[in-house]
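Here's the structure we're looking at; comments come further down.
The values are calculated or read from the model by the stated rules, or taken from the named source; none is laboratory data. What you are looking at is a predicted structure, and each value in this text was computed from that prediction instead of being measured. All Cβ positions, glycine included, derive from the backbone under ideal geometry; neighbour counts span all protein chains shown. Quick note on the areas: whole protein, heavy atoms, side chains included, nothing else; ligands and nucleic acids left out. Shrake-Rupley method; radii C 1.70, N 1.55, O 1.52, S 1.80 Å.
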Amino acid sequence: MNISSAIFDCSAPDLDSCPDESLPEFAFIGRSNVGKSSLLNMLAGEEGLARASPTPGFTKLINVFTMNKCWRLVDLPGYGFAQGARKDRARFNQTVNDYLENRPNLCLVFALIESGLSPQEIDLDFVEWLVRHAVPFVLVFTKTDKVSALTAQTNIAAFTDRISAWFEKPPAVFICSAVTRQGRQEVLGVIDEQLTAINAASIRNRASAENSPNLSLQARVRENRKRRPDLNRPW
Ligand SMILES: Nc1nc2c(ncn2[C@@H]2O[C@H](COP(=O)(O)OP(=O)(O)OP(=O)(O)O)[C@@H](O)[C@H]2O)c(=O)[nH]1
Ligand SMILES: [Mg+2]
């Protein structure tokens with residue numbers, strides 16, 4: 001897929017302030033500093049579209065970008081930076097929880113994990129939270145340019161091993177670097193697949209319900225989620 005336009009929409013402090021639900025959304029989530037904003041820029045092909053920084057906790061709002069005028073990328077604040085009780089780690093931010101649980105046009109979450117680290121409890125907790133809340137997601141291992149391929153593979157295998165019991169079929173895994181642009185086509189490919197599936201569901205619905213209005217986007221996303229056994233299924 002080519003990105004022909006990437007436009008900043010808004011920075012929303014909460015779910016109610018997000019733009020209307022008319023376009024499918026794909027969101028980036030992960031620990032502070034894992035590389036969410038940088039990955040978004042790498043996919044968009046535009047340095048500085050989302051603001052990246054070495055300071056953890058830099059992105060504090062829900063930042064929404066419209067791509068190719070017909071779908072959106074959403075840069076979420078990271079977890080693990082805000083101080084708080086340990087038991088609250090997975091419930092890191094009410095705004096993000098609200099978005100992930102209640103945004104009807106959210107198609108797919110990219111859960112980012114740093115490839116240079118062995119499995120971190122906070123990431124495992126968060127992935128478990130996604131599974132328990134039936135949020136559709138894939139895993140993206142970031143910053144592969146910083147480590148040897150062997151180290152990245154070892155850490156990825158250890159992480160996927162730790163979560164394997166939670167799934168009938170494990171989530172798809174992508175390996176990315178915002179520096180070398182590794183993984184760009186693969187990540188754009190999964191977005192393309194999702195958009196195609198949503199459009200196909202819409203066409204099927206139009207054909208089978210001549211007298212009813214088109215399926216809403218929310219219904220199409222729900223239908224699409226059901227149709228995707230190759231992504232993850234809660235146990
Ligand atoms: N070497 C390398 N550095 C990266 C990569 N991706 C991000 N970084 C660096 O890591 C730091 C954090 O990147 P961000 O994209 O701001 O991370 P974030 O997850 O958006 O962070 P928060 O907004 O604080 O949650 C920055 O200094 C980036 O330049 C990568 O693929 N390779
Ligand atoms: Mg950020």
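Here is a yes/no grid of residues against (1) open to solvent by 30 Å² or more (accessible area, probe 1.4 Å); (2) touching a helix residue (DSSP H, G or I) at 6+ places or on another chain (Cβ under 9 Å); (3) under 16 Å from residue 110 (Cβ atoms):
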position	(1), (2), (3)
14	yes, yes, no
20	yes, no, no
30	no, yes, yes
37	no, no, yes
43	no, yes, yes
50	no, yes, yes
58	yes, yes, no
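Within segment 182-209, the set of residues being within 16 Å of ligand 1 (Cβ to nearest atom) and more than 18 Å from residue 26 (Cβ to Cβ) comprises 182 only.
Determine which member of the set 131, 96 is within 16 Å of ligand 2 (Cβ to nearest atom), part of a helix (DSSP H, G or I) and not hydroxyl-bearing (Ser, Thr, Tyr). Testing whether each residue is within 16 Å of ligand 2 (Cβ to nearest atom), part of a helix (DSSP H, G or I) and not hydroxyl-bearing (Ser, Thr, Tyr) leaves just 96. Going through (1) within 27 Å of residue 202 (Cβ to Cβ); (2) in contact with a Leu (Cβ under 6 Å, 6 or more places away or on another chain) one by one, residue 68 falls short only on (2). Could you say whether any residue in segment 11-25 is near ligand 2 (Cβ under 9 Å from one of its atoms) and within 17 Å of the chain's Cα centre (by Cα)? No, that holds for no residue.
Checked against the criterion of being in contact with a Pro (Cβ under 6 Å, 6 or more places away or on another chain) and buried (at least 19 other Cβ atoms within 10 Å of the Cβ), the candidates 130, 108, 112 yield just one match: 108.
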